[in-house]
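Have a look at the structure below, then the notes.
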Amino acid sequence: MKFLDIGEVASRSGVKPSALRYYEAEGLISSVKRHGLRRQFPPEVLLQLKLIALCKQAGFSLDQIARMFDRQGLPDLPRATLHEKADEIDRQILELTALREMLRHIADCPAPSHMECPTFRRLVEDAGRHREAPTNPPAQNRSAV
């Protein structure tokens, strides 16, 4: 098996060598040996780095991401956690879509003053109501799992 030098991993993945060293210290990736002072990684590290980038983009912390790999560095993805994150992203999409529509209406509103526009007033009221609503309702009858 041909191992990849840290510089080659950095070049092929777009991840800086300092970040690779940090990821290794945090247990996200593992080098297998050294060639002189340079770390050597298995080729699979490139897939791991893509998965790390995807998880970071989805909003997972590095600690959460580290728990998504087994001791050999293979993905051990928690399906329930991924579903929860997908649901969270769905909520964000709905909120951002509503915000986009409000901004478009405000920008294109033909009323002489936004305060005279009933649609503008309704959109602002609706936005205020969403902010006042609790994001995490109190748990009811949940047993420890």
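The numbers here are math on the coordinates, done by the rules we state, and not lab data. Everything numeric here is computed off the predicted structure, so don't read it as measured data. Every residue, glycine as well, gets a Cβ built from its backbone with ideal geometry; the counts of neighbours run over all protein chains shown.
Laid out as a table, the results:
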item	result
Between the range 1-64 and the range 88-125, the Cα center-to-center distance that results, in Å	43
ARG21-LEU47 pseudo-label distance in nm [points 7 Å out on the Cα-to-Cβ vector]	2.8
Dipole axis of the chain (+1 Lys, Arg; -1 Asp, Glu on Cβ), positive-most option in ALA66, LEU4, ALA53	LEU4
Ranking of LEU51, LEU96, LEU123 by count of other Cβ atoms within 10 Å, fewest first	LEU96, LEU51, LEU123
Cβ charges +1 (Lys, Arg) and -1 (Asp, Glu), total dipole of the chain, debye	700
Under 18 Å from the Cα of LYS33 - aspartates and glutamates, other chains or at least 8 residues apart	ASP5, GLU8, GLU24, GLU44
Percent of Cα-Cα distances greater than 24 Å, calculated over the chain	55
Kirkwood-type radius of the range 79-132, with distances r between different C-alpha atoms, in Å	12.7
FRET efficiency, 1/(1 + (r/R0)^6) with R0 22 Å, evaluated for LEU62 and SER11 via beta carbons	0.50
Nearby lysines by direct alpha-carbon distance to LYS16 (threshold 16 angstrom, same-chain neighbours under 8 apart not counted)	LYS50, LYS56
Contact order normalised by residue count of the chain, Cα under 8 Å, 6+ apart, percent	15
